[in-house]
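Here's the structure, in structure tokens; my notes come after.
The values are calculated or read from the model by the stated rules, or taken from the named source; none is laboratory data. Here the structure is a predicted model, which is why all the values come from computation and not from measurement. Note that each Cβ is placed from the backbone with ideal geometry, even for glycine, and that neighbours are counted across all protein chains shown.
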Amino acid sequence: MEQAAEIPTKKTPYRDRLIELAIAVLLICFAAGVIYVAQGYSDNGMSTDVGPARFPTVYGLVLIALSIALIVQNVTALNRGDVDREAPPISTHRVFLITTGIVLTFAQYWSMPYLGYLTSMFLYLCLLAALMGLRHVLLNPLISAVFTGLIYFCFYTLLNVPLPVGELFE
């Protein structure tokens with residue numbers, strides 16, 4: 001019987017493994033902060049209610065567990081030598097795109113109290129889609145409007161979570 005040819009696997013660049021390790025550590029710190037803040041939520045005193053801290057605490061613990069799994073996966077790959085140490089450097093354009101995406105995310109977060117959820121999220125999704133290469137004049141705003149509306153429907157209607165209207169529209 002013939003042996004099947006071994007399929008070459010692409011090794012992950014060394015810097016990407018280190019970036020994933022840093023991201024996992026940051027996520028653990030973020031999740032620990034969420035758990036810490038959630039413990040300060042007031043209890044309503046009902047014995048049948050789990051309390052407002054349960055949901056963020058559970059998600060924080062899940063995020064910590066997944067981050068630890070990511071750390072183990074990357075450390076194991078680094079120990080096996082399953083990395084590409086000769087990978088080309090990251091292009092300046094890619095760094096610009098990543099930085100711009102992070103800045104847009106913070107801008108959307110800080111503009112929400114002023115512009116409201118609908119306006120800030122729509123603008124954020126339009127700009128983010130354009131940043132990722134979707135520059136169609138009609139498709140970009142349409143997709144952004146659909147996702148903004150879908151998220152609004154899920155939170156406001158199904159979960160009864162009030163979303164900010166914004167000082168601009170009050």
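Does region 113-127 include one or more residues that are assigned by TED's automatic domain parsing to the domain that holds Ile98, in a loop (DSSP other than H, G, I, E, B) and farther than 25 Å from Arg94 by Cα?
Initially, region 113-127 is screened for residues assigned by TED's automatic domain parsing to the domain that holds Ile98, giving 113-127.
Within this subset, residues satisfying the condition of being in a loop (DSSP other than H, G, I, E, B) are 116.
Those still in the list that are farther than 25 Å from Arg94 by Cα too: 116.
Among the residues of region 113-127, at least one is assigned by TED's automatic domain parsing to the domain that holds Ile98, in a loop (DSSP other than H, G, I, E, B) and farther than 25 Å from Arg94 by Cα, which makes the answer yes.
Across region 131-139, a minimum of one residue is classified as basic (Lys, Arg), assigned to a loop (DSSP other than H, G, I, E, B) and without any contact (Cβ under 8 Å) to a residue 60 or more places away in the chain. Within the option set Thr57, Thr105, being out of contact with any Ser or Thr (no Cβ under 9 Å at 6 or more places or on another chain), β-branched (Val, Ile, Thr) and loosely packed, with under 13 Cβ neighbours inside 10 Å holds for one residue only, Thr105. When Ala38 is tested against (1) within 18 Å of the chain's Cα centre (by Cα); (2) closer than 27 Å to Met121 by Cα; (3) modelled with pLDDT under 95; (4) not hydroxyl-bearing (Ser, Thr, Tyr), only condition (1) is not met. The residue of region 109-146 that is nearest to Pro164 (Cα to Cα), among those that are buried (at least 17 other Cβ atoms within 10 Å of the Cβ) and of a type in the set (Gly, Ala, Ser), is Gly116. Taking the listed residues Val146, Val103, the one that is in a helix (DSSP H, G or I), of a type outside the set (Phe, Trp, Tyr) and more than 30 Å from Asp16 (Cα to Cα) is Val146, with no other qualifying.
Name the residues in region 51-65 that are touching a residue at least 24 places away in the same chain (Cβ under 8 Å) and either in contact with a strand residue (DSSP E or B) (Cβ under 7 Å, 6 or more places away or on another chain) or of a type outside the set (Gly, Ala, Ser) (or both), would you?
Start the filter on region 51-65 by keeping residues that are touching a residue at least 24 places away in the same chain (Cβ under 8 Å), which leaves 59-61, 63-64.
The answer is Tyr59, Leu61, Leu63, Ile64.
Beta carbons closer than 9 Å, at least 6 apart along the sequence or on distinct chains, never pair a first residue in region 79-96 that is at positive phi with a second that is aliphatic (A, V, I, L, M).
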